[in-house]
């Protein structure tokens, strides 16, 4: 291990001063906004000072330079001190309980895809470390030996369930999860400088710095007391600020600047205009599961752009993300059965446009990561989620494995695009478009084989539906997707629409074709009735008088059984569509 | 510690025989259903044999007797062997990755509420132990010293990310989380008997039995090999069954029966007809937040029935569940910032109708536990979820804390009831009704104070809306709830409806009043537009010609700001309602 040289005493003093200045800034900003957690900021003032002015390598003029070290404030309550520490900062993910996963994604990319030396620092509060997702992520970091990652635990005790500083409990748990764990006094800048140095020279395992701190440190009559969580200081602010000012030795301009990145080795990458390496190549009528077409398309876009990566939660053989792993093993990240971390790692991997990330698992298992996806959208992530095994059509594996709420979940993500392709050709195009679309994308794929209905050259557009069957005197418009589109095609003579995307839905086409069909729509979906395709259609025609919609969907917890039996039992088969058409013709 | 006496050699042989019989049953059932995981069953055959025929105390004639020990198969893949082991079983939660939380709930109730000696056993697969929720729950069990709980880890290595049996990693992690960890050969019935005995006499901490096993144990040419996960044996079945039969010594009837519960100490409890101890007591026009009314009502029903309990995820001061804690501290379970475990513990606590459980946190944080709630519904849980701080009306705390997808999520839970009370009186009644309603209930509460609009004696019914303002010549029906109901009341002269429940929604009343108002509806909600109140209303009028709906809701990620500013900025204020009414009058 290289020798550690401790900073000069002048630097140490300056770092102490900066910590107090950060405290003052945090008080000022929380007073102004009448909201926030100044005492939580105070507990990490020295940690932030050392990280931002001694340890981390970055250019203040270009904080988002790809070669810079990364910092993630998982302890979201302490956001004011982050802004104080680095007012010029770019976008930082601030996400209570989710930062370790995001950091894992950044560190994994740094080590294995960028293959360069920037480091990733994640600051975690002790309260949030009760979240299981934190432990999923620590396991991931330990498993993949992410020695370019350093997780700092701010143990200020008041966020904990125990009234003591349980430093040893943290140390043992972190060691058991594969970390180099270093316990420090979180208010001692010398100890912090040394610990961060040790972290930077530790190989083959990530480091955790477990910092013993006090909430409201250096706030007289507030430090380490209960009942000051999440409150601006109010009338107490002035006295505290005066006290802090008295602790500062050098009130002049800063004498130190953060170290620069050692080398500008993280190359610029281009993730625009991603295309399928070869167009879809199917025969009309050929029987192909859309989940298989997903795997095929994923490998094709990965061939076209070396920044396309795939992540999976131990379901790669079923979702067919395995096709990317076989073609480009170094661009596949196995995240095991830990969906919160899976989604968080993808969000981290896609940060700063370093990769185009596709995350796959069974559609229903994304319900474990709804909060991660929600927070990802708030942080403007561009991750693409692909959920297989949707609906009762999966059959024997039973309701725990059936995605029946996934459209409802992804439609309720702001700014999302929800693809529900019905054949292999449209699935390949959905994958290609998702790779180039900002915001959260979701692609819903099906387990059973279904017929190819589109020509390989058929163009697709987000928000544009296809009419797959029509005649001049249609009296009902049928709308289905995936398995139910085929049931609709087999049902009756009617106009049949494939929406392609459920969000945005093709409002204009629905209104136009509904009008041509006597204002009668039957919509049928392999999903619960709430929040899915049916309600998307209802929203599209909400402001139309003279349109009626008959909506077929799953209405109860399904059983296990053969797919064809279940589709009929839960009212979405061709037979049920015929009955619905007869009903709607009377309306 | 009492002395351990090992079973007679005859019993040991019988337990070995039973293990092989269970293997044979698992093969038979997975062959018949053409689905399932017989190799996963084989790895736990001895564990199941010892648990069900040597360790657990229960009456085969009355498996759900409250004094019986509990068993939870978290390793859901192995369900066939559970059914084989106990074909007469009642409802067992079988929930991949969620069993430890459910077990924690049962064990907590056993120790602290039933205060009796039944024990809870949870069998966990090694693959699922990657789920962070498992570690949330282990932390909970360690923290609350649940020595009446025993978690068995089936480490069969093929489910793991590592190719070795990492017994020591499991032991260290479990010890660090507060467990008495015992590593055993999972195929040695003598070792198992002894370990379960040790678990039963260990005080002040839960026990984890870490069992080294092999997938497909005793299946020739299959044992411990890859590529046999999740598949029936097919053509290989007959040879395997013949081999297993050759291993059985006693083919006659069973010589042993499971031990009986030591005492019938778990009393019968009555959780029917729960009522508010005193009726709502407000002044019309008084300003009270619905979240506060929730806390008041919770304490009142707890006064009426000693089986009402509350659980919270470190937000009790904000959700007002603290009111129950103050009145009945022993019936409040603090689950810290760990929402997956929070919901799982509640599901466990409510099992076998031992308690009426109310779980509260910020509405949006339930998105972390969507899968737990989904699986709870599949297992027919009756847990009540209460989400506070809904919508942009929370103001300064920003989008990460705003519940804007919670209605979409809870509507998509099969069989759920979704309450969205608009004042304190209706909130108290919602709490009372939820306590008596089967299935998942969700109550959405608001942060700001709002006026009491109902008389204390006003009756409420699930699925019945209230008309809060009307005249004979209304031309528009306004539908709002919570904060938007007040905006609607302040907007214009129009008929105003309070739906009270969003699911079921009062379809009949909506259709009737819409017809009386010229077929014009404006619906306004503090929620994303997808899956919320608006789409519930659209579903209600789907089959009506001649009704138009103008829908106001939040359409993007909101900012932080003062509530009144945000309500206007995101288009759901009285001003925006007036504009929407003017629009809809032209339709």
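Readers should treat all values here as calculations from the given coordinates under stated rules, not as data from a laboratory. Keep in mind the model is a prediction, meaning the values are calculated, not measured. Cβ: placed from backbone, ideal geometry, glycine included. Neighbour counts: every protein chain shown.
Taking the beta-carbon count within 10 Å as an exposure proxy, list B:15, A:284, B:478 from fewest neighbours to most.
Working: B:15 21, A:284 12, B:478 29.
Arranged by neighbour count, lowest to highest, B:15, A:284, B:478 become A:284, B:15, B:478.
Give me the angle, in degrees from 0 to 90, between the Cα long axis of helix A:290-304 and the longest principal axis of the Cα atoms of chain A, rounded to the nearest 10.
Between helix and principal axis, roughly 50 degrees.
Could you give log10 I(q)/I(0) at q = 0.06, 0.12, 0.13 Å⁻¹ for chain A, computed by the Debye formula over C-alpha point scatterers of equal weight, without solvent?
The Cα Debye sum returns log10 ratios of -0.37, -1.07, -1.17.
How many nm separate the modelled label positions at residue A:168 and residue A:254, each set 7 Å beyond the Cα in the direction of the Cβ?
The modelled label-to-label distance comes out at 3.9 nm.
Counting partner chain Cβ atoms within 10 Å of every residue's Cβ in B:335-344, what's the average?
Averaged over the peptide's residues, the number is 5.
Can you list the distances in nanometres, one decimal and ascending, from the residue A:223 label point to the identical position in each other copy, with the point 7 Å along Cα to Cβ?
6.4
Please find the FRET efficiency linking residue B:277 to residue B:3, where r is the Cβ-Cβ separation and R0 is fixed at 51 Å, and quote it to the nearest 0.05.
That gives a FRET efficiency of 0.50.
What nm distance separates the two modelled labels at residue A:284 and residue B:380, each placed 7 Å from Cα along Cα→Cβ?
That separation, rounded to one decimal, is 5.1 nm.
Which percent of the Cα-Cα distances in segment A:9-247 go past 25 Å? The partial results should precede the final answer.
Numbers: 10315 of 28441 pairs.
Value for segment A:9-247 (Cα pairs over 25 Å): 36 percent.
Ordered by packing density, taken as the mean number of other Cβ atoms within 10 Å over each peptide's residues, highest first, how do A:265-273, A:371-379, B:564-572 rank?
Highest to lowest by the protection proxy: A:371-379, B:564-572, A:265-273.
Does segment B:135-209 come out rounded, prolate or oblate, given a ≥ b ≥ c as the square roots of the eigenvalues of its C-alpha gyration tensor, rounded meaning a/c under 1.5 and, failing that, prolate meaning a/b above b/c?
The shape class here is oblate.
Where the centroid of each part is defined by its Cα atoms, how far is segment A:244-317 from segment B:5-70 in Å?
48 Å
When Cβ neighbours within 10 Å are restricted to other protein chains, what is their mean count per residue of peptide B:164-173?
On the way: counts 0, 0, 0, 0, 1, 5, 1, 1, 5, 8.
Mean number of neighbouring Cβ atoms from other chains: 2.
How far, in degrees from 0 to 90, does helix B:574-585 lean away from the longest principal axis of the Cα atoms of chain B, to the nearest 10?
80 degrees
How far is helix A:99-108 tilted, in degrees, relative to the longest principal axis of the Cα atoms in chain A, given as a value from 0 to 90 rounded to the nearest 10?
Helix A:99-108 sits roughly 90 degrees off the main axis of chain A.
For a footprinting-style exposure proxy, rank B:53, B:362 by other Cβ within 10 Å, fewest first.
Details: B:53 21, B:362 25.
Fewest-to-most Cβ neighbours within 10 Å comes out as B:53, B:362.
At a Förster distance of 60 Å, what's the computed FRET efficiency of residue A:145 paired with residue B:516, Cβ-Cβ distance as r, to 0.05?
0.30
Relative to the present Cα-Cα distance, how much length would full extension add between residue A:397 and residue A:353 at 0.36 nm per residue of separation?
Between residue A:397 and residue A:353, full extension yields an extra 12.1 nm.
Once the label point is placed 7 Å from Cα along Cβ, list for residue B:304 the distances to the corresponding points in the other copies, in nm, shortest first.
Shortest to longest, the spacings are 6.3 nm.
How high is the FRET efficiency between residue A:583 and residue B:457 when r is their beta carbon distance and R₀ equals 45 Å, given to the nearest 0.05?
E(calc), rounded to 0.05, equals 0.60.
For segment A:288-452, report the convex hull volume of the alpha-carbon atoms normalised per residue, in Å³, without decimals.
Numbers: hull volume 15.3 nm³, N = 165.
Convex hull volume per residue, Cα atoms: 93 Å³.
Antiparallel as a % of all DSSP beta bridges within the protein assembly as shown, to the nearest 5?
The answer is about 10 percent antiparallel.
For a distance above 28 Å, tell me the whole-number percent of Cα pairs in segment B:445-587 that qualify. It would help to have the intermediate numbers written out before the result.
Working: 1277 of 10153 pairs.
Summing the P(r) of segment B:445-587 above 28 Å gives 13 percent of all pairs.
Between segment B:319-362 and segment A:323-366, what is the C-alpha centre distance in whole Å?
Answer, in whole Å: 34.
Would you mind giving the mean number of other chain beta-carbons within 10 Å of the Cβ of each residue in B:393-399, as a whole number?
That works out to 3 on average.
May I ask you to report, in nm to one decimal and beginning with the shortest, the distances from residue A:203 to the same position in the other copies, taking label points 7 Å along Cα-to-Cβ?
Counterpart label points of residue A:203 in the remaining copies fall at 5.1 nm.
What order do you get for B:25, B:551 when you list them from fewest to most C-beta neighbours inside 10 Å?
By the 10 Å Cβ count, ascending: B:25, B:551.
Can you give me the C-alpha center-to-center distance between segment A:448-511 and segment B:523-573, rounded to a whole angstrom?
If we compute the Cα centre of each part, the gap is 28 Å.
Per DSSP helix of 4 or more residues, -39500 (n - 2.57); summed, then divided by the residues of chain B. What does that give at 222 nm, rounded to the nearest 500?
-10500 deg cm²/dmol
Of the DSSP beta bridges with both residues in segment B:466-585, give the percent that are antiparallel, rounding to the nearest 5.
Within segment B:466-585, antiparallel bridges account for around 20 percent of the total.
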